[in-house]
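The values are calculated or read from the model by the stated rules, or taken from the named source; none is laboratory data. These numbers come from a predicted model, not from an experiment. Note that we place each Cβ from the backbone using ideal geometry, even for glycine, and neighbour counts take in every protein chain shown.
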Amino acid sequence: MLELELRSEADTLALARTLAAVLEGGDLVGLEGGLGAGKTTFARGAVHGLGVPEDTAVTSPTFALLHQYEGRVPVAHADFYRLGGEAEVEELGVDELLEDGAVLFVEWGRKFQGVAARTVLWVELEIVSDAARRARLRPQGARGDAIIGALGKRLPK
């Protein structure tokens, strides 16, 4: 596990961009944290870090459920807060996106066993103050461990 203090939104975006540099197609990253913890902000930084143009708006997919982007690899950002079951997750085509080489960021993914099992990294964001957040990055499986190892080499000491 890697735990970091993020003093500002800029720190959150920077961490997400750094993570994006080590992600590969087929990686599923779970974003966890309470409302307002910075999940969508983190996703925005990662989406832009994956080569999606800066002028592309990255907003919460709470009502759309899934947003897709084209970067150096396909990128998708999903919010499963409103979903009621695994069948609804299947209807969104999560497996197909991953099999087609997309990097997928999922908010509230722990609600669904199938998504949780495919997640390689959990990014847990906790509100510390109005501006500050605590990020805990928890790897899952060998791919998650590799991501944490590569990320650790890129983070400032």
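For segment 11-26, the condition holds for no residue, the condition being that it is acidic (Asp, Glu) and surrounded by 20 or more Cβ atoms within 10 Å (Cβ to Cβ). Note on segment 80-118: among residues that are under 17 Å from Ala16 (Cα atoms) and not aliphatic (A, V, I, L, M), the one that is modelled with the highest pLDDT is Phe105. Per the listing Val47, Val29, the residue uniquely crowded, with 22+ Cβ neighbours inside 10 Å and in a strand (DSSP E or B) is Val29. Within the option set Glu24, Glu9, being among the acidic types (Asp, Glu) and within 15 Å of Ile148 (Cβ to Cβ) holds for one residue only, Glu24. Of Gly141, Gly71, Gly149, all but one fail to be in contact with a Leu (Cβ under 9 Å, 6 or more places away or on another chain) and under 22 Å from Ala21 (Cα atoms); the exception is Gly71. Look at segment 131-157: where a residue is in contact (Cβ under 8 Å) with a residue 12 or more places away in the chain and a partner is polar (S, T, N, Q) and exposed (fewer than 15 other Cβ atoms within 10 Å of the Cβ), sitting 6+ places away or on another chain with Cβ atoms under 6 Å, you get Ala131/Ser8. Taken together, the criteria place Gly152 among residues that are at pLDDT below 95 and either over 27 Å from Gly85 (Cα atoms) or aromatic (Phe, Trp, Tyr) (or both).
Can you tell me which of Thr56, Thr62 is among the polar types (S, T, N, Q), at pLDDT below 95 and in contact with a strand residue (DSSP E or B) (Cβ under 9 Å, 6 or more places away or on another chain)? Unique residue meeting the criteria: Thr62.
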